[in-house]
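Participant: Let me begin by handing over the structure; questions about it come next.
The values are calculated or read from the model by the stated rules, or taken from the named source; none is laboratory data. In this text the structure is predicted, and so the values were computed from the model without any measurement. Note: ideal-geometry Cβ built from the backbone for every residue, glycine included; neighbour counts use all protein chains shown. Each accessible area value is taken on the protein alone, full model and side chains, heavy atoms only, with ligands, DNA and RNA left out. Shrake-Rupley method; radii C 1.70, N 1.55, O 1.52, S 1.80 Å.
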Amino acid sequence: MKWMRRVLWALVLLIVLVVAASWWYVHQALPKTDGVVRVQGLKAEVRISRDAHGIPTIRGDSLADVMWGLGFVHAQDRLWQLEMHRRVGAGQLAEAFGDSAVGTDVFLRSLGVRRAAEQQLESVAGEARGALDAYAAGINAYVARHMGARPPEFLALGLQPGRWEPADSLAWMTMMAWDLGGNWNNELLRMRLALKLPVERINELLPPYPGEKPLPTMDYAALYRGLRVDAGLGERAQRDAPESGIEGVGSNNWVVAGSHTESGKPLLANDPHLRLSAPALWYFARLEAPGYKVAGATMPGLPAVVLGQNEHVAWGYTNTAPDVQDLYLEQLHPDDPMQYLTPEGWKRFETREEVIKVKGRVDTRVTVRASRHGPVISDAPGAADGLTGPRGRPAYALAMRWTALDAPNTTFEAGLAMNKARSVDEFVAASALHIAPMQNMVVADTAGRIGMVAAGRVPVRGAEHDLRGLAPAPGWEARYDWTGFLDPTLTPREFDPPRGWIATANQRIHAADYPHYLTSEWTVPYRQQRIEQLLQAAPRHGRASMAALQADQVSLAAQRLLPWIRKARSSHPLAADAQQQLAGSRGNMAADQAAPLILWAWTRQLYQLLIADELGPELWKRVDTRSFYDAVEGMLEGNNAWWCDNKTTAAAETCQQIMDLAFDGALRELQAAYGAEVAAWRWGEAHQARSEHRPFSKVKPLAQLFELRVPVGGDTHTVNASRVSLKPDELSGALYLNEHGPSLRAIYDLGTPAASRVMHSSGQSGLPFSRLYRGFMWPWAKGEYVPLWGGESESELVLQPQ
């Protein structure tokens, strides 16, 4: 018995020790938010007060000191996020995650993001350079001297935080441009489709903007077949590259003049739709220095308020998505892969060796190449398997020309200047410095003016460029080279229109007779049309109507497809109940309804039945998670017999038969997943907003602690945009998750700034055991907000120079 008591006491003691150690660790890891801390690097005292939501107000005697403080609080609350941003920009993921990340590192080193950032930093001077330097110093000071314990991700992976350099901020800025600019994906898709389909059919699968004809091009299907381009060219690059340019992802912004508001002063609303993450991409902060008072959404890694309001103006962005990336086929010398063909003859690639540290094994060394157009992105281990020609002797490589890699790049300087703008005119003047990513910027000032400017560097292609940037071009022909850039004063813009408001939602932002080419791949305008409907529905707007508009879940796209699914017939026993649910739908994609789930399951089945047989299994496997919503609309409305016919059968199927088969397949799928009671099916049960944690969302036991999930309504085309993912969940296999949505919502009141409201999708803290890690999740899902300019402070930390 004595030995049992001893074992029992030992277990009790062990539990006490574990609890005590956990308590000590949590206490050490949580940031110090009260008291006085003496630090090295500040020139004068900085005060950091936090409200109940963990939003800091940072006050200092100079802009540099305030940015030092911002770096300090970003490190306190989001250190792992900063580490991930630094590693992505530098291509150093394999050092943390091992072999699985080598391909991504090779791609990022080939793209040369960090190298470009170092070159861009050389031209940054004055106040902007001071802000970058101070911000980096604040991060590093916290890590070196004031961090009590590393966040849990560092402990689990056995890592120490890396040193933040000013170039890391510029590299992360470039990666945000990468996330928002995916034209290169569409170019590769067109090239692959061209090996299967004629251009006429490609234009039906990737249709032009509503009401427009396809952009005239050469017959690029004949071009690639004549060049004997392999369908796998660029496949590895596309697989290893960080996600970018996801179709259906966008943002909303609108500004209403005082003539149409209840207060008589402008109101401005903005909700950028980005990949949802835990913690969120955004971090709210209020920054105050002499001549500088601004509040809004900062981004860990950047010393500025990206979206927000100062004492004079408020602003918000949506993505313009111009064509600022071109891919080039570089023909390789048959006897020397280090040479490629140019208009002047053979030329050697620029080369450099990159050493990639890999966790758990020896370093990987790769030689990356760049042509006269830019980095060769098809260089990767085994890349020869994805290139034309015999293995080991490819005939072509893929190079990328992209505005964001150019030096100098004054995007950061533009951001600081916009933070300090005192009027719409000053804001627009500052926007001329913005390079990438190109954004539709709406702005309003306290004097009552409103405006929109599309800011960013736009390449100019010559009249003889008969591919128009839509597909990879022969790099050895000079006619496909860019001839310059559009004068920044000639980009689309609008000020104080008589209608009293301006709105953008990634739709075509210029009239049909605009003389300059930005892109032909605008987002279908369903969100824009719905925003216009609701703005025009009331003579006056207030904060409540702005919030209601941001929360709107009526899908005009669904309204367009509903008549077709109602025509679908099936012998499935649940068909009548499903049609009853659809009969009452008006396109409201509410989380508690069954109709949105039925409609999207049917739509997914339609994609496969209409498209997969034409593309073949290999190509379909590469694109089966892509949305072809607008293409399917056109196929059904045009009763397109070519697409509706299943090429793998002897019969000639009709569009009605395909709609019926899709309905039957959708009902089988939904019954297996959600049971036989159709009225109990809920869109929100499938359509959950998933905020991914990197990397622990991929580890099932840890995902429950680090990842955030909440049921939501809406779909890809609602104003309250929640993109419907057709990719099965990595852990559960579930379909229709929402992984891209309103990462931030903001409503700025130019008459009463204290009434401005904001919300993002997670919480201020990046520590999963903090109450602030998921504090915004449910309020965000419900469409609620917190004050931008804050209420009563709960704590104050004083940083004093040593």
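Participant: Would you say residue 339 is open to solvent by less than 10 Å² (accessible area, probe 1.4 Å), among the polar types (S, T, N, Q) and within 30 Å of residue 223 (Cα to Cα)?
Facilitator: Criteria not met by residue 339.
Yes/no per residue for (1) crowded, with 21+ Cβ neighbours inside 10 Å; (2) in contact with a helix residue (DSSP H, G or I) (Cβ under 8 Å, 6 or more places away or on another chain):
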{"site": "144", "(1), (2)": "no, no"}
{"site": "158", "(1), (2)": "no, no"}
{"site": "177", "(1), (2)": "yes, yes"}
{"site": "190", "(1), (2)": "yes, yes"}
{"site": "194", "(1), (2)": "yes, yes"}
{"site": "204", "(1), (2)": "no, yes"}
{"site": "214", "(1), (2)": "no, yes"}
{"site": "225", "(1), (2)": "no, yes"}
{"site": "229", "(1), (2)": "yes, yes"}
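Participant: Now a separate question. Please verify whether residue 542 is modelled with pLDDT of 95 or more, surrounded by 15 or more Cβ atoms within 10 Å (Cβ to Cβ), of a type in the set (Gly, Ala, Ser) and in contact with a His (Cβ under 9 Å, 6 or more places away or on another chain), treating the condition exactly as stated.
Facilitator: Criteria not met by residue 542.
Participant: May I pose another question? Looking at 22, 100, 49, which one is within 19 Å of residue 770 (Cβ to Cβ), of a type in the set (S, T, N, Q) and without any contact (Cβ under 8 Å) to a residue 12 or more places away in the chain?
Facilitator: Every option except 22 fails the conditions.
Participant: Just wondering, is there one or more residues in the range 492-515 that are part of a loop (DSSP other than H, G, I, E, B), modelled with pLDDT under 95 and open to solvent by 70 Å² or more (accessible area, probe 1.4 Å)?
Facilitator: Checking the range 492-515: at least one residue is part of a loop (DSSP other than H, G, I, E, B), modelled with pLDDT under 95 and open to solvent by 70 Å² or more (accessible area, probe 1.4 Å).
Participant: Mind listing whichever residues of the range 518-543 are touching a residue at least 60 places away in the same chain (Cβ under 8 Å), assigned to a loop (DSSP other than H, G, I, E, B) and either under 19 Å from residue 255 (Cβ atoms) or touching a strand residue (DSSP E or B) at 6+ places or on another chain (Cβ under 9 Å) (or both)?
Facilitator: Residues satisfying the conditions are 518, 523, 525, 539, 540, 542.
Participant: Follow-up question, since we're still on this one. Condition first: among the polar types (S, T, N, Q) and farther than 21 Å from residue 525 by Cα. Now tell me which residues in the range 693-750 satisfy that.
Facilitator: So in the range 693-750, the residues among the polar types (S, T, N, Q) come out as 697, 704, 716, 718, 720, 722, 725, 732, 738, 743.
Residues satisfying the conditions are 697, 704, 732.
Participant: Considering 48, 58, which residue is over 29 Å from the mean Cα position of the chain (by Cα) and either buried (at least 22 other Cβ atoms within 10 Å of the Cβ) or more than 23 Å from residue 765 (Cβ to Cβ) (or both)? Full working, then the answer.
Facilitator: On the way: 58 fails: over 29 Å from the mean Cα position of the chain (by Cα).
Within the list 48, 58, the selection yields 48.
Participant: The conditions are (1) open to solvent by less than 10 Å² (accessible area, probe 1.4 Å); (2) more than 21 Å from residue 783 (Cβ to Cβ), and residue 604 fails exactly one of them. Which is it?
Facilitator: Failed condition: (1).
Participant: What number of residues in the range 635-673 are part of a helix (DSSP H, G or I), surrounded by fewer than 17 Cβ atoms within 10 Å (Cβ to Cβ) and not polar (S, T, N, Q)?
Facilitator: The total comes to 7.
Participant: Exactly one condition in (1) surrounded by fewer than 18 Cβ atoms within 10 Å (Cβ to Cβ); (2) of a type outside the set (A, V, I, L, M); (3) closer than 30 Å to residue 232 by Cα; (4) over 30 Å from the mean Cα position of the chain (by Cα) is not met by residue 618; state its number.
Facilitator: Looking at each condition in turn, residue 618 falls short on (4).
Participant: When you look at residue 32, is it within 24 Å of residue 162 (Cα to Cα) and open to solvent by 70 Å² or more (accessible area, probe 1.4 Å), yes or no?
Facilitator: In short, yes.
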